[in-house]
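Have a look at the structure below before the remarks.
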Amino acid sequence: WPHALHMLALMYSNRLEDARFLYKRCPPHVRDSQPQLQAAFRALQFLWQRDYAGLWPLLRSGWDPHQATLVRGIASNLREHVLRLVATAYSTISLQALAGALGATLPEAQQEAAAHGWELTNAPSGGAWVRIPPKEAAGDPVAPDAATLQRLASYVLHLEAA
């Protein structure tokens, strides 16, 4: 079980390449004899391929008590990552699709949407939709003011004169 725990810890810290090479370095008899290591490797494959729909049921399956905490952490990190992706990629998404992406039930997806300030609407044809408000573009933090430009111009003139 230490190999599986190590692999899950690498997955938790988003070091998927290291987790993959850890599995490759394990002797074949260890890989074949440890079901938790095989389950961790299947989870790694789903993460590697970004097959989140296949990953969620595996994360909910029975894990060793030593590994369950890491698996819950991986699930939490993944859920936040998917929420960021959804917020970036969509302005409107069906509640059903959001629930599928989050590996959640419809009420859980509705709670996540509400927690992020997303608006829930009902379509005339039936079904619930989540409207994601656009993020306001922040001002350019590097935009110089007139005084900064004047100081920069005096530096350039000084350097050219030297």
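The values are calculated or read from the model by the stated rules, or taken from the named source; none is laboratory data. None of these values were measured; they are calculated from a predicted model. All Cβ positions, even for glycine, are placed from backbone atoms using ideal geometry, and neighbour counts span all protein chains on display. Remember, those area values only see protein heavy atoms, side chains included, never the ligands or the DNA or RNA. Shrake-Rupley method; radii C 1.70, N 1.55, O 1.52, S 1.80 Å.
Under 6 Å between Cβ atoms, which residue pairs at least 6 apart in sequence (or on different chains) link something in region 55-67 that is in the same structural domain as His81 (by the TED database) with a partner that is outside any helix (DSSP H, G or I) and not aliphatic (A, V, I, L, M)?
Cβ pairs passing all conditions: Trp56/Gly103.
Within region 106-120, is even one residue of a type in the set (A, V, I, L, M), loosely packed, with under 15 Cβ neighbours inside 10 Å and either under 18 Å from Asp51 (Cβ atoms) or in contact (Cβ under 8 Å) with a residue 24 or more places away in the chain (or both)? Before you say what the answer is, go through the steps one by one.
Narrowing region 106-120 to residues of a type in the set (A, V, I, L, M): 106, 109, 113-115, 120.
Then drop every residue that is not loosely packed, with under 15 Cβ neighbours inside 10 Å, which leaves 106, 114-115, 120.
Filter again for either under 18 Å from Asp51 (Cβ atoms) or in contact (Cβ under 8 Å) with a residue 24 or more places away in the chain (or both), leaving 120.
Yes, because at least one residue in region 106-120 is of a type in the set (A, V, I, L, M), loosely packed, with under 15 Cβ neighbours inside 10 Å and either under 18 Å from Asp51 (Cβ atoms) or in contact (Cβ under 8 Å) with a residue 24 or more places away in the chain (or both).
For region 132-147, does any single residue satisfy the condition of being modelled with pLDDT of 75 or more, within 28 Å of the chain's Cα centre (by Cα) and surrounded by 11 or more Cβ atoms within 10 Å (Cβ to Cβ)? Don't jump to the end; show me each part of the working.
Going residue by residue through region 132-147, those that are modelled with pLDDT of 75 or more are 132-135, 145-147.
In the following step, the residues that additionally are within 28 Å of the chain's Cα centre (by Cα) were identified as 132-135.
Filter again for surrounded by 11 or more Cβ atoms within 10 Å (Cβ to Cβ), leaving 132-133.
Within region 132-147 (the criterion being modelled with pLDDT of 75 or more, within 28 Å of the chain's Cα centre (by Cα) and surrounded by 11 or more Cβ atoms within 10 Å (Cβ to Cβ)), the answer is yes, since at least one residue qualifies.
Which pairs have Cβ atoms under 6 Å, sit 6 or more apart or on different chains, and link a residue in region 3-29 that is over 14 Å from Phe46 (Cβ atoms) to one that is outside any helix (DSSP H, G or I)?
Pairs that qualify, where the first residue is over 14 Å from Phe46 (Cβ atoms) and the partner is outside any helix (DSSP H, G or I), are His3/Cys26.
Checking His3 against (1) under 29 Å from Leu98 (Cβ atoms); (2) touching a Leu at 6+ places or on another chain (Cβ under 9 Å); (3) surrounded by 17 or more Cβ atoms within 10 Å (Cβ to Cβ): exactly one of these is not met. Which one?
Just one mismatch for His3, condition (1).
Right, Gln45: modelled with pLDDT of 95 or more and closer than 30 Å to Leu5 by Cβ or not? Give the derivation first.
On the way: modelled with pLDDT of 95 or more: yes; closer than 30 Å to Leu5 by Cβ: yes.
Yes: the conditions hold for Gln45.
Can you give me the number of residues within region 81-105 that are closer than 15 Å to Ala53 by Cβ and assigned to a helix (DSSP H, G or I)?
11
For Gly73, state whether it is in the same structural domain as Met11 (by the TED database) and outside any helix (DSSP H, G or I).
no
Out of the residues in region 20-50 that are within 17 Å of the chain's Cα centre (by Cα) and open to solvent by less than 60 Å² (accessible area, probe 1.4 Å), which is farthest from Gly73 (Cα to Cα)? Quick ask: steps written out before the conclusion?
So in region 20-50, the residues within 17 Å of the chain's Cα centre (by Cα) come out as 43-50.
This time we only want the ones that are open to solvent by less than 60 Å² (accessible area, probe 1.4 Å), so: 43-44, 46-47.
Details: Ala43: 13, Leu44: 14, Phe46: 16, Leu47: 14 Å.
The qualifying residue farthest from Gly73 (Cα to Cα) is Phe46.
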